[in-house]
Amino acid sequence: MQKERAQWSSHISFIIATVGSAVGLGNIWRFPYIMGKNGGAVFLLTYLLLIAFICVIPLCCELAIGKKYKKDTVSAFYEINPKFKWFGWLCIITVLMIPCFYFVVGGWILNYIWIFLAHHIPPDFAQYFSSYSSEIIMPCVLTLLFLFMTAIFPYRGVNSGIEKANNIMMPLFALMLVLLAVFALTLPGAKNGLEFMFKPDFSQFNKSMILIALGQALFTLSIGMGAIITYGSYMKENTNIFKSAYTLIFFDTLIAVTAGVVIFPVVFSFGVEPTAGATLVFISLPQIFTKLPYPELFGVIFFVLLFFAAITSGISIMETAIASFIQNFHISRKKATVIVSIIIALICIPSTLSFGLLSGVKLFDKTIFDLLDFTTSNLLLPFNTLLICLISGWFINSFTREITENLILKNVFSILLKFIVPFILLLVLIYGLK
Ligand code: TRP
């Protein structure tokens, strides 16, 4: 049954696909609003330091585990030690929980593309958004449509599906982002927007900001669920782990910052509070588009851009689960894709409905959507990353050799991996539980 394992056809394809996985709603939707809520430039500075010196460690671990074992997440942890197999499955459960909010937002994006394309622009987006998201049929249909559109690519395979999708969508995504950034910089509020992002006001600094920045950094790099292990397992033998990790961090950060450069000048030009929160992208921003000369044009470009970002991450989410299903249940890729899609559909529906029909269903005072988002982002993500560091640091023989040959770097890496990063992750976890 064992076929030869798929491999990216070039190093560039590997980088594009991994950037496609990392760059998603986390960069365009979550990063700007979190930065807006947490003081702008000081947050950005904290974030940059954390991602460059702390998050790079688990990122390297996942890449190295993928490269060394060339297996899906569950099999890789099984091979490290059979007693860690459960942890592989925990990663898969985590990755399967992400669509509960990610694909729901994907469905909203499809709807927004449609309303801008069809010139059905509502006069008041705040009212529109709350009435649309509480409907029953349409949001569910569009969440499932988003799921279907995503599933097509892993269904077709690593090279002819996943790699192709990323190679086409990511350059288009970058082009649209640059276009929007150039436009945003010509707006009258551009200077204030840029000052908000880049001129630190150190009085804004606080402890909780560090933990929020760290949580965001882990989420945006797709760490803690085996996604990077899976994409890493398709990489070529001679790939340099350190270099790949920093390339990924560079692009992911560049895109998040550029998204800020698009959003904040717009926000400041039209007097919207940058602290608007999660609804920034679905209420404030489209409302502003209606005041621009060609609202349809901006609306379509922005939401198609968001769609590309979301779908390339969605593909990686699905592939992580699919790869493990293929290996561990001995089924074909096509069958695994169908099964994973059905599981995702079943958990996405209640989450989609939690804005309307099921809005009364609450656990710990949170709706289904909020609960799933909270559990994955604040609890499972830091917990899994903590275990990935501990397993790599303490249970894989001469693990640092996989990362670098340089003796000093090796020692620094080892200390960070075994002690410092786990300690910091533990703090994030405790904070998340509060
Ligand atoms: N990194 C993605 C983003 O920024 C979200 C994400 C988290 C993800 N974990 C993942 C994507 C696992 C793919 C696989 O939007």
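The values are calculated or read from the model by the stated rules, or taken from the named source; none is laboratory data. Everything quoted here is computed from the prediction, not taken from an experiment. Cβ coordinates were reconstructed from backbone atoms using ideal geometry, including for glycine residues, and neighbour counts include every protein chain displayed. In case anyone asks, the SASA skips ligands and DNA or RNA and just uses the protein heavy atoms, side chains included. Shrake-Rupley method; radii C 1.70, N 1.55, O 1.52, S 1.80 Å.
Condition first: outside any helix (DSSP H, G or I) and either aliphatic (A, V, I, L, M) or more than 10 Å from the ligand (Cβ to nearest atom) (or both). Now tell me which residues in segment 17-47 satisfy that.
Selection gives 23, 38, 39, 40.
Does segment 101-115 contain any residue that is small (Gly, Ala, Ser), assigned to a helix (DSSP H, G or I), more than 16 Å from the ligand (Cβ to nearest atom) and touching a helix residue (DSSP H, G or I) at 6+ places or on another chain (Cβ under 9 Å)?
no
Looking only at segment 219-261, which residues are in contact with a helix residue (DSSP H, G or I) (Cβ under 7 Å, 6 or more places away or on another chain), surrounded by fewer than 22 Cβ atoms within 10 Å (Cβ to Cβ) and not in a helix (DSSP H, G or I)?
236, 239
Would you check which residues across segment 268-301 are more than 16 Å from the ligand (Cβ to nearest atom) and open to solvent by less than 30 Å² (accessible area, probe 1.4 Å) and list them?
Within segment 268-301, 274, 277, 284, 285, 286, 288, 289, 292, 295, 298, 299 qualify.
Taking residue 84, is it under 24 Å from residue 361 (Cα atoms), among the aromatic types (Phe, Trp, Tyr) and either part of a loop (DSSP other than H, G, I, E, B) or touching a residue at least 40 places away in the same chain (Cβ under 8 Å) (or both)?
No; evaluated as a whole, the condition is false for this residue.
Can you name the condition, by its number, that residue 265 falls short on among (1) more than 16 Å from the ligand (Cβ to nearest atom); (2) open to solvent by less than 50 Å² (accessible area, probe 1.4 Å); (3) not in a helix (DSSP H, G or I)?
Condition not satisfied by residue 265: (3).
Restricting attention to segment 195-217, report how many residues are closer than 15 Å to residue 31 by Cα and more than 16 Å from the ligand (Cβ to nearest atom).
6
Condition check: over 29 Å from residue 168 (Cα atoms) and within 16 Å of the ligand (Cβ to nearest atom). Does residue 50 satisfy that?
So residue 50 fits the description; yes.
Just wondering, is there one or more residues in segment 410-432 that are in contact (Cβ under 8 Å) with a residue 24 or more places away in the chain and touching an Asp or Glu at 6+ places or on another chain (Cβ under 8 Å)?
Looking for residues that are in contact (Cβ under 8 Å) with a residue 24 or more places away in the chain and touching an Asp or Glu at 6+ places or on another chain (Cβ under 8 Å), one finds none in segment 410-432, hence no.
How about segment 144-200: which of its residues are of a type in the set (Val, Ile, Thr) and under 21 Å from the mean Cα position of the chain (by Cα)?
150, 152, 158, 162, 168, 178
Hey, residue 346 hits all of (1) modelled with pLDDT of 90 or more; (2) touching a helix residue (DSSP H, G or I) at 6+ places or on another chain (Cβ under 7 Å) but one; which does it fall short on?
Status for residue 346: all satisfied but (2).
For segment 371-413, what are the residues that are of a type in the set (D, E, K, R) and either open to solvent by less than 10 Å² (accessible area, probe 1.4 Å) or out of contact with any Lys or Arg (no Cβ under 8 Å at 6 or more places or on another chain) (or both)?
373, 405
Residue-by-condition table, conditions (1) closer than 19 Å to residue 262 by Cα; (2) of a type in the set (S, T, N, Q); (3) buried (at least 21 other Cβ atoms within 10 Å of the Cβ):
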residue	(1), (2), (3)
7	no, yes, no
10	no, yes, no
20	no, no, yes
24	yes, no, yes
27	yes, yes, yes
36	yes, no, yes
41	yes, no, no
49	no, no, no
52	no, no, no
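Is it the case that segment 207-215 has a residue that's in contact (Cβ under 8 Å) with a residue 60 or more places away in the chain, surrounded by 15 or more Cβ atoms within 10 Å (Cβ to Cβ) and more than 18 Å from the chain's Cα centre (by Cα)?
Looking through segment 207-215, at least one residue is in contact (Cβ under 8 Å) with a residue 60 or more places away in the chain, surrounded by 15 or more Cβ atoms within 10 Å (Cβ to Cβ) and more than 18 Å from the chain's Cα centre (by Cα).
Out of everything in segment 102-141 that is aliphatic (A, V, I, L, M) and in contact with a Gly (Cβ under 9 Å, 6 or more places away or on another chain), what residue ends up being farthest from residue 371 (Cα to Cα)?
117
Checking the condition among the charged types (D, E, K, R) and crowded, with 21+ Cβ neighbours inside 10 Å, which residue from 79, 62 passes?
Sole residue among the options that is among the charged types (D, E, K, R) and crowded, with 21+ Cβ neighbours inside 10 Å: 62.
For residue 220, work out the one condition from (1) away from the ligand (no atom under 16 Å from the Cβ); (2) in contact (Cβ under 8 Å) with a residue 12 or more places away in the chain it doesn't fulfil.
Going through the list (1) away from the ligand (no atom under 16 Å from the Cβ); (2) in contact (Cβ under 8 Å) with a residue 12 or more places away in the chain, residue 220 breaks only (1).
Take residue 184 and tell me if it is at pLDDT below 90, part of a helix (DSSP H, G or I), of a type in the set (Gly, Ala, Ser) and surrounded by 18 or more Cβ atoms within 10 Å (Cβ to Cβ). Can you show your working first?
Working: at pLDDT below 90: yes; part of a helix (DSSP H, G or I): yes; of a type in the set (Gly, Ala, Ser): yes; surrounded by 18 or more Cβ atoms within 10 Å (Cβ to Cβ): yes.
It is true that residue 184 is at pLDDT below 90, part of a helix (DSSP H, G or I), of a type in the set (Gly, Ala, Ser) and surrounded by 18 or more Cβ atoms within 10 Å (Cβ to Cβ).
Any idea which of 69, 102 is surrounded by fewer than 21 Cβ atoms within 10 Å (Cβ to Cβ) and not aliphatic (A, V, I, L, M)?
Working: 102 fails: surrounded by fewer than 21 Cβ atoms within 10 Å (Cβ to Cβ).
When all the criteria are applied, what remains is 69.
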